[in-house]
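Reading through the structure tokens given below for one structure.
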Amino acid sequence: MIYTKPNEDNVLPFEQDGSFYYKRARKYIGKSNYIEALNCYRKAVDKDPDNIGYVLELAELFTEMSFFDESNAVLAYALHRAVEYRARIYFDMACNFLGMQDYDQAREYFKKYLNMDYDGEYADEAEEFLAILELQTSYIEEIIGYDSSFKALYKRARIGKQLLDKGEYKKAINVFERIMEEDPTLLFVKNNLSLAYFCAGDIDKAINIEKAVLSAQSDNIHANCNMALYYDDMGDQDSKDEYIKKITDLIDADDPDGLYKIGITLCELGLHERALDVLKMSLGYNPYDIRIIYYCGIACLNLKRYDEAMDWWDKMLKLDPDNSIAAFYRERTSLHMRQLIPDQEYLYQYQVPHDEFLRRMQFINRMLAMSEDQLIDMWRKDNEFKDIIRWGLDINDDVIKSVLLHTVSGFKDREAERILREFLLRKGESEALRKEVFGLLKQNGIKEPYMAYIDQKLTEVKVNLIAETEDNSLYVSYMKAAELAVKMMKDRYDDNYEAAVRKAMTCYLNTVPQEKLTRIRKKEVWAAALEYYYCRRKGAWGCMQDIAQYYNVSASSLSNAYRRLINTIGYIDLFNS
């Protein structure tokens, strides 16, 4: 807020407290302007983070906007700080699980609430919800035979979809193929299997699977959309046009899932105007869906409707102020509006363009060579530094994520704690990364419990320092050896050696059986082994005896560590993510 004295040119900034933004949020709620209300609630919590009332109302607004995961993240962060609100938090989490249609966890958290506060304010509602859930479960079991094996198939299908989304196509294919062996009638699994084969490069197999789906259900939206994409990739214009007509005929304003799939397909086919129309229809059902808003922004960018594109980016940033992808495209749109860069076609992939991707990766590599004091100073003062760290935690590279998580852990402030805690609430992250974060939180003395998704289930975790964090402390000691190698190799190799060394060590730690992970007596030995491994994979000069001497270790100890690396990970590709 800016106040000025009459007839004076001086502008004096006036810092408002949390109550100011809270009151504004309540006014926006009264007007059903949830986006502005969300912005104000965030500011209120930022100004007064210990006000649990603000936190709970922020979580409630997230729920109202169907941001169920975001709501649970806020509630999980409050759980360890407000014991007196624990029962209420369980109730709110249960409502979020209802919204996500995760009825098993909804039931679990309603029961947790009642166990803590049987005569509480929401007890009647909790009991009513539980009764409805029990009736629903009985109905499903009676009508369609919903048994444990059926639930297990759907759980595995979700895992396969996560693998597909992460780009692990061969693993996804294995998961989907096994499900098909048990139940070949699941058409949505066949669609995902087809897409996995397409992404893996087997387009003939992908097409044959979708033809089988269409023979069983000719109006299957996902199969028709996928076929249009496949024929577009093959350059078969006639077949592509045939399927575009089919999916256009299948547009149904009352089918939100179908609208989303058709809209995204039209985006990928470069039909920007038609895609935008369908996506706007989809927003009628999901007005705050970040991905749909993003696709609308890119469509407007490709249509050179820059003013409209700016509106979409502004909307994204109000919903997610830390979204560096939206911030990038907003700046890029501004450059187009001022005719400072030529018009161009942008891909719809939810990511920054390739040149910007490389720039950010180079920034991360330079960042990792900085001293601890430099990093802390940048964390406090440089917003781009924070943005790129958050961005890096979203890319599909566990090596980069691991390094950034350790970097964040070193800042030891409230924001760093929040980032680490929220990472545990991401679905689909690897068990190895989750273990790392448990260890980092514990080492920093962060209060338990830690809420985390384990096997698709939100779980409260308490870490035993002696027993349960032993693997984490071992992990840290091995990663310290990798960082020593990076430091010792500086100025002697080309620019990509840092990521390659870290990738080798992370791959080793993720592959070696835990019972064979022994304590490091001297980190210089493993650092030397990593440099020697890098040299052998790169085809660069590197004599074992010379490297051992450089690290002041014996050649025999280096050789032993090197053999353990080779026997565990073999000759992996260090130079491609």
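The values are calculated or read from the model by the stated rules, or taken from the named source; none is laboratory data. Small disclaimer: the values here were computed from a predicted structure and weren't measured. Cβ atoms come from the backbone with ideal geometry, glycine included; neighbour counts cover every protein chain shown. Calculation scope for accessible area: heavy atoms of the full protein, side chains included, ligands and nucleic acids excluded. Shrake-Rupley method; radii C 1.70, N 1.55, O 1.52, S 1.80 Å.
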>> Considering only protein heavy atoms and a probe of 1.4 Å, how much of the accessible area of the chain is carbon and sulfur, as a whole percent?
In response: 48 percent
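Determine the dipole magnitude for the stretch 297-367: charges of +1 sit on the beta-carbon of Lys and Arg, -1 on that of Asp and Glu, nothing else is charged, the reference point is the Cα centre, and the result goes in debye to the nearest 20.
The dipole of the stretch 297-367 has a size of about 180 debye.
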> Of 267, 543, which has the most accessible area and how do the rest follow, probe 1.4 Å?
Replying inline: 543, 267
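Looking at the stretch 160-231 from every direction and averaging, what is the projected area of its Cα convex hull in nm²?
4.2 nm²
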>> Need the C-alpha centroid separation for the stretch 240-308 versus the stretch 359-426, integer Å.
In response: 34 Å
>> Could you order the peptides 350-360, 120-130 from most to least packed, using the average number of other C-beta atoms within 10 Å per residue?
In response: 120-130, 350-360
> Tell me, what is the 1.4 Å probe accessible area of residue 387, in Å² to the nearest 10?
Replying inline: 50 Å²
>> Give me the Å³ per residue figure for the convex hull around the C-alpha atoms of the stretch 237-286.
In response: 61 Å³
> Out of every Cα pair in the chain, what percent are spaced more than 42 Å from each other?
Replying inline: 31 percent
> On full extension of the chain, what length is gained from residue 383 through residue 158, given 0.36 nm per residue of separation minus the C-alpha to C-alpha distance?
Replying inline: 77.5 nm
> What does the accessible area per residue of the stretch 154-219 come to in Å², with a 1.4 Å probe and no ligands, DNA or RNA counted?
Replying inline: 54 Å²
> Which of the lysines could be linked to residue 516 by a straight reach, that is with a Cα gap under 22 Å, when you skip same-chain ones fewer than 8 residues away?
Replying inline: 435, 480, 503
> How high is the relative contact order of the chain, in percent, counting Cα pairs under 8 Å that sit 6 or more residues apart?
Replying inline: 6 percent
>> What percent of all Cα-Cα pairs in the stretch 334-478 falls into each 10 Å bin, going from 0 up to the bin containing the maximum distance?
In response: 10, 36, 32, 16, 6, 2, 0
> At a Förster radius of 45 Å, what calculated FRET efficiency corresponds to the Cβ-Cβ distance of residue 536 and residue 454, to the nearest 0.05?
Replying inline: 0.75
> Distance in nm between label sites at residue 132 and residue 31, each 7 Å beyond Cα in the beta-carbon direction?
Replying inline: 3.2 nm
> Mind listing the Cα extents of the stretch 280-418 along all three principal axes, in Å, largest one first?
Replying inline: 46, 35, 26
> How large, in Å, is the stretch 11-83 by the Kirkwood hydrodynamic radius built from its alpha-carbon pairs?
Replying inline: 12.5 Å
> Can you give the charge dipole size of the chain about its Cα centre, rounded to the nearest 20 debye, using +1 on the beta carbon of Lys and Arg and -1 on the beta carbon of Asp and Glu?
Replying inline: 2340 debye
